Amino acid sequence: MHPQTQELRERYNPDGSQLRLLQLKMLEILVVVDDICTRHNLSYWLSGGTLLGAVVHDGFIPWDDDIDIEMMHDDYKKLLKILEKELPEHLYLQTPKEKGYSLLMSKVRDKNSIVYMKDEDMSRYPYKGFFIDIVPIERSYPWMKKMLDFTYGRAFRRLKRKRLDTLKNIYEYAVSLVLYPLSRSAISICRFICRLTKPNSLVYTYGITAKHTQPYENIFPTSKIYFEGQEFSAPHKPHEYLFTQYRCDYTIIPGENGRPQHFEKVEFINNQDT
């Protein structure tokens with residue numbers, strides 16, 4: 001544990017604080033997803049700030065308000081089908097198929113809360129509660145992914161937004177109607193090529209524009225790590241994984257401006273504790 005962890009916890013997420021309550025409730029979702037993945041032999045691993053928190057703080061980064069996991073695209077597709085059947089009643093699976101949801105990853109959301117975010121329009125979501133992110137990863141060549149991010153990713157988001165208020169937006173929407181099916185076909189071809197050639201690089205699935213490339217050996221075979229006193233799946237080489245992602249000494253505590261939070265406000269409903 002980082003020597004500053006306890007001091008930071010007392011400042012950001014002491015026991016009984018709303019942030020700590022939120023973290024523990026997100027942890028409950030992670031436990032549910034971990035149990036389902038384990039029972040169905042599906043591989044996943046803690047990622048991003050969640051993995052960093054496990055390595056540096058033995059749990060949440062004290063100011064963090066989300067949980068991220070990743071899994072290979074094939075397991076991801078299997079998991080979505082299983083979650084639709086096996087999630088507890090108080091949880092909701094949000095996928096890219098949902099109208100108005102323009103991200104190419106999925107979330108398991110709580111039904112009994114509402115979060116307010118700066119960078120995501122949730123006005124059309126049926127449920128707006130806190131969540132954990134499930135991000136699909138696959139083998140691909142970075143140049144191949146970059147090409148398809150530009151066509152498929154942009155077309156997907158424009159069709160989801162469906163903005164027809166200006167001539168420019170009408171034009172972009174019309175172009176996207178053509179690009180989207182062409183890009184889907186191109187993705188199928190690229191996936192076939194990558195199954196044959198097995199590139200060593202693992203990247204976010206096509207259309208997710210964030211840069212994130214890991215060598216296969218950083219992730220597989222997956223290992224175990226403790227997070228908030230419980231054992232979860234992690235990349236095979238968590239330290240190498242984190243350095244590859246952040247390209248810096250990730251053990252250094254960032255300054256005030258480097259401690260972002262995703263939620264502006266959280267409301268718990270249905271007689272839950274606040």
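The values are calculated or read from the model by the stated rules, or taken from the named source; none is laboratory data. What you see is a predicted model; the values in this text were computed from it and never measured. FYI the Cβ positions are ideal-geometry reconstructions off the backbone, even for glycines, and counts take in every protein chain you see. Each accessible area value is taken on the protein alone, full model and side chains, heavy atoms only, with ligands, DNA and RNA left out. Shrake-Rupley method; radii C 1.70, N 1.55, O 1.52, S 1.80 Å.
The table below gives the values:
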read-out	value
Neighbours by Cβ (under 9 Å, 6+ apart or cross-chain): first from the range 151-173, closer than 13 Å to Leu104 by Cβ and hydrophobic (A, V, I, L, M, F, W, C); second outside any helix (DSSP H, G or I) and open to solvent by less than 60 Å² (accessible area, probe 1.4 Å)	Ala155/Gly207; Phe156/Pro96; Phe156/Ser102; Phe156/Leu104; Phe156/Gly207; Leu159/Ser102
Index of the failed condition, Val115 passing every other in (1) open to solvent by less than 40 Å² (accessible area, probe 1.4 Å); (2) modelled with pLDDT under 95; (3) in a helix (DSSP H, G or I)	(3)
Residue count for the range 247-259, restricted to those that are open to solvent by 40 Å² or more (accessible area, probe 1.4 Å), without any contact (Cβ under 8 Å) to a residue 40 or more places away in the chain and of a type outside the set (D, E, K, R)	5
Single residue of the range 96-108 satisfying the filter (open to solvent by less than 20 Å² (accessible area, probe 1.4 Å) and modelled with pLDDT of 95 or more) that is nearest to His73 (Cα to Cα)	Ser106
Residue count, the range 31-47 (criterion: open to solvent by 10 Å² or more (accessible area, probe 1.4 Å) and part of a helix (DSSP H, G or I))	6
Residues (closer than 20 Å to Leu80 by Cβ, among the hydroxyl-bearing types (Ser, Thr, Tyr) and open to solvent by less than 20 Å² (accessible area, probe 1.4 Å)) located in the range 141-191	Tyr152
Among (1) surrounded by 18 or more Cβ atoms within 10 Å (Cβ to Cβ); (2) in contact (Cβ under 8 Å) with a residue 40 or more places away in the chain; (3) not basic (Lys, Arg) - the single one His239 does not satisfy	(1)
All positions within the range 119-134 that are modelled with pLDDT under 95, within 24 Å of Asp149 (Cα to Cα) and of a type outside the set (Asp, Glu)	Met122
Odd one out for Asp58, checked against (1) open to solvent by 40 Å² or more (accessible area, probe 1.4 Å); (2) modelled with pLDDT under 95	(2)
Candidates Glu28, Glu70 - the one that is among the acidic types (Asp, Glu), open to solvent by 30 Å² or more (accessible area, probe 1.4 Å) and not in a loop (DSSP other than H, G, I, E, B)	Glu28
Qualifying position, being in a loop (DSSP other than H, G, I, E, B) and in contact with a helix residue (DSSP H, G or I) (Cβ under 8 Å, 6 or more places away or on another chain), among Leu148, Leu159, Leu164	Leu164
Enumeration of residues in the range 73-94 that are open to solvent by less than 20 Å² (accessible area, probe 1.4 Å) and farther than 18 Å from Asp34 by Cβ	Gln94
Candidate set: the range 203-225, residues that are of a type in the set (S, T, N, Q) and under 14 Å from the mean Cα position of the chain (by Cα); chosen: the one least open to solvent (accessible area, probe 1.4 Å)	Thr205
